[in-house]
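What follows is one structure encoded as structure tokens, with my remarks underneath.
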Amino acid sequence: MTNLKKTYLSISIIVIFMFSFSYMLVPLYDIFCEITGLNGKTNQEKIVGINEVNTDRFVTVKFTSTVAGSEPFNFNPMENEMIVEVGKIYTTSYILTNNTNSLKQITASPSVVPGRDAEYFKKIECFCFTQQQINGKETKELPLQFVIDEDLPLNTKTLILSYTMFNTTDQLGAK
Amino acid sequence: MSANIHDIHDQHHHTPSGLMRWITTTNHKDIGSLYLWFSLVMFFIGGFMALIIRAELFEPGLQLVIPGFFNQMTTMHALIMIFGAVMPAFVGLANWQIPIMIGAPDMALPRLNNWSFWILPFAFTMLLSTLFFDSGGPAAGWTLYPPLSLQGGNSMPFVILSIHLLGISSILGAINVIATILNMRAPGMTLMKMPIFIWTWLITAFLLIAAMPVLAGAITMLLTDRFFGTSFFTASGGGDPVMFQHIFWFFGHPEVYILILPAFGIVSTIIPAFSRKKLFGYDSMVYATASIALLSFIVWAHHMFTVGMPLAGEIFFMLTTMLIAVPTGVKVFNWVATMWKGSMTFETPMLFALAFIILFTIGGFSGLMLAMTPADFQYHDTYFVVAHFHYVLVPGAVFAIIAAVYYWLPKWTGKMYSESLGKLHFWLTTVFVNVTFFPMHFVGLAGMPRRIPDYPVQFADFNAIASVGAFGFGLSQILFVYILYNTLKKDVTADDKVWDGAEGLEWTLSSPPPYHSFEKAPRVE
């Protein structure tokens, strides 16, 4: 009967391992996306203490925006396109208008195309790091400060930064 | 010794009778029968839902049901057929056959066995009850992709809990199968002497314990996303809906082999019996089954070629998927080689097994077409996919189950079914299965999407044909129930060795076999 017990024990371990493995897939997926630049995932942390460098190399950065679902907001980039020097810090912003009469909370997720260059798009100041609150009928300017890393591959001429805005007002009450 | 046997027989008088016998039973044959009857009931419930779908699709326009209910039917039909009909039928066959094929008295864990069956009726009651909710049942497809599944009505937590229960049931069943096969074989039966059906079930059981916990994890994440504020798949919290597809199909692809490997085992048992030859290439059959199982864990993303994977990923998943055709091809060639120059006869189980080989191969070929990434961009989410997986699941898995029932029914009951009714059942089923599913290839290639209640008029003719076929197929299965009833009420007893070409320990037992199958382990040379 000890053989039987050994069998049960080892099978149960496989079951428990595979259940945990499904949760391990979540960080693994993130790491995989970061390494390969899939999904255009940008660095979600602030870059601090960056030094400007002169590279004399210029690329086009385009800005787009999407409002998830059919939420009552206007959300647009201030400038649709900028020509920037690689290695220099630039500032631009997005304009958000709340078309309702009540206080709302939003969050925005960034994504960069082409995905493999996402890691070179570094954000110094970005509204995507925090939940934003906006009063009814208010229009707000959301600033964005970024630098294109000097290691950006030479064949990249254009980068597109896209923000998707989500209404997270229901999390407001939860806090 | 004889006193001992008398004691064992004495105990039988203490087993409860009536309903309590079935609720408290720990006997592998009783539990096997419960599984098989349960699966038959679910096959008809799921089939009824399929007929609602086909009735709506008989002609363009919305006639019978509203689109929301149509979506609930496609979702429920899939969940019930996969988890309620095919999987329990295979577990039922495993329960009946494993002890009598390996020379054991019963399964290794009889009480666990009872429990793993009795979870099922509760799980399906919960799942089916959602259809009576105000917000209706699940309607996001059986794959439960977020964000759609997160936006569904109140059915969602019920569906997830019932899938959890089904997963627990399958895992317990698989533990039992592995423990029985590894520890309770008759002396002399080495692993490479096991009947091929036992081998396929052993490998299936390992797939179950590796894949089902991953499904449990994925749907638990859905549940916490919806109710506990996590953001595994909610983009607003930094999650990614595409990740669900990866985790789901990491379970989902091994799952489709869980649904077909035992069928391979059944066909590999029946073909030699009616060809009166040994199975050609037994060793290669075992290795082919094992390699299909291993490959199934590295091909999952071929279900999601269109989500925007990098080229390297698409090429990898395309090539590994095509690689599966190699061991599967080995199997098909081995079946054909087994029949080569055999003294073949065509009783009902053999007919179903032959139809399996031909029609499953058609389903395999359409699978190869879908495996080609560039072609898949055209076929993705069309009726071509529906045609493909119905060809491998209906004339594949379901035909193998029906063949197994005809093959072993005389052994289980001690009574012979009517051969002429069995053949009639075979021909009706085979004709209608093709009338139903073959036209779906054409509408799929022409671009008709899956899961739609209405469609443009150019698809009308083939859809009408498919609907006629579906009703014919459904009604033919009533004949199957009649054949079962007709067999059970007979009092002519079948021989112990029902089929003259059949080999294996189960044919050395009486028909029906004694309550404790092998009280004394047989010796295998």
message = Return the residues of the range A:96-116 that are open to solvent by 50 Å² or more (accessible area, probe 1.4 Å) and within 17 Å of A:LEU142 (Cα to Cα); say none if nothing qualifies.
response = A:ASN99, A:LEU103
remark   = Of (1) at pLDDT 95 or above; (2) more than 12 Å from chain A (Cβ to nearest Cβ); (3) open to solvent by 10 Å² or more (accessible area, probe 1.4 Å), B:SER170 fails just (2)
request  = Kindly indicate whether B:SER467 is surrounded by 20 or more Cβ atoms within 10 Å (Cβ to Cβ) and among the small types (Gly, Ala, Ser).
outcome  = yes
message = For a quick check of your reading of the model, give me the residue pairs whose first member lies in the range B:230-250 and is within 21 Å of A:THR168 (Cα to Cα) and free of Cβ contacts under 8 Å to residues at least 40 places away in the same chain, whose second is part of a helix (DSSP H, G or I) and among the charged types (D, E, K, R), with beta-carbon atoms closer than 6 Å and at least 6 apart or on different chains.
response = B:PHE232/B:ASP225
key: Candidate set from the range B:182-208 (those that are within 10 Å of chain A (Cβ to nearest Cβ) and surrounded by fewer than 24 Cβ atoms within 10 Å (Cβ to Cβ)); member that is farthest from B:ALA104 (Cα to Cα)   = B:PHE206
key: the range A:21-32 - residue that is more than 8 Å from chain B (Cβ to nearest Cβ) and open to solvent by less than 80 Å² (accessible area, probe 1.4 Å) and, of those, modelled with the highest pLDDT   = A:PRO27
inquiry  = Being open to solvent by 10 Å² or more (accessible area, probe 1.4 Å), more than 20 Å from the chain's Cα centre (by Cα), closer than 20 Å to A:PHE32 by Cβ and within 14 Å of another protein chain (Cβ to nearest Cβ) is the requirement here; does B:PHE316 meet it?
reply    = yes
ask   = Can you find even one residue in the range B:108-130 that is part of a loop (DSSP other than H, G, I, E, B) and of a type in the set (Lys, Arg)?
value = no
Selection from the range B:112-122 of residues that are of a type in the set (A, V, I, L, M) and surrounded by 22 or more Cβ atoms within 10 Å (Cβ to Cβ) = B:LEU120
ask   = Quick one: is B:LEU62 of a type in the set (A, V, I, L, M), open to solvent by 10 Å² or more (accessible area, probe 1.4 Å), assigned to a helix (DSSP H, G or I) and away from chain A (no Cβ under 14 Å)?
value = no
query = Which pairs do you get when a residue that is in contact (Cβ under 8 Å) with a residue 60 or more places away in the chain and within 18 Å of B:THR200 (Cα to Cα), found in the range B:272-284, comes within reach of a residue that is among the aliphatic types (A, V, I, L, M) and part of a helix (DSSP H, G or I), reach meaning Cβ atoms under 6 angstrom, with the pair 6+ apart or on two chains?
reply = B:PHE280/B:ALA337
message = Restricting to the range B:225-241, count the residues that are surrounded by fewer than 19 Cβ atoms within 10 Å (Cβ to Cβ), part of a helix (DSSP H, G or I) and at the interface with chain A (Cβ under 10 Å from one of its Cβ atoms).
response = 2
query = Name the strands (runs of 3 or more DSSP E) wholly within the range A:59-175 that hold at least 2 residues that are polar (S, T, N, Q), farther than 23 Å from A:ASP30 by Cα and away from chain B (no Cβ under 14 Å)?
reply = A:73-77, A:89-98, A:139-148
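The values are calculated or read from the model by the stated rules, or taken from the named source; none is laboratory data. Not measured: the values here are computed from a predicted model. So basically every Cβ, Gly included, is an ideal-geometry build from the backbone, and we count neighbours across all protein chains shown. Ligands, DNA and RNA are stripped out before the accessible areas are found, and what is left, the full protein with its side chains, is counted by its heavy atoms. Shrake-Rupley method; radii C 1.70, N 1.55, O 1.52, S 1.80 Å.
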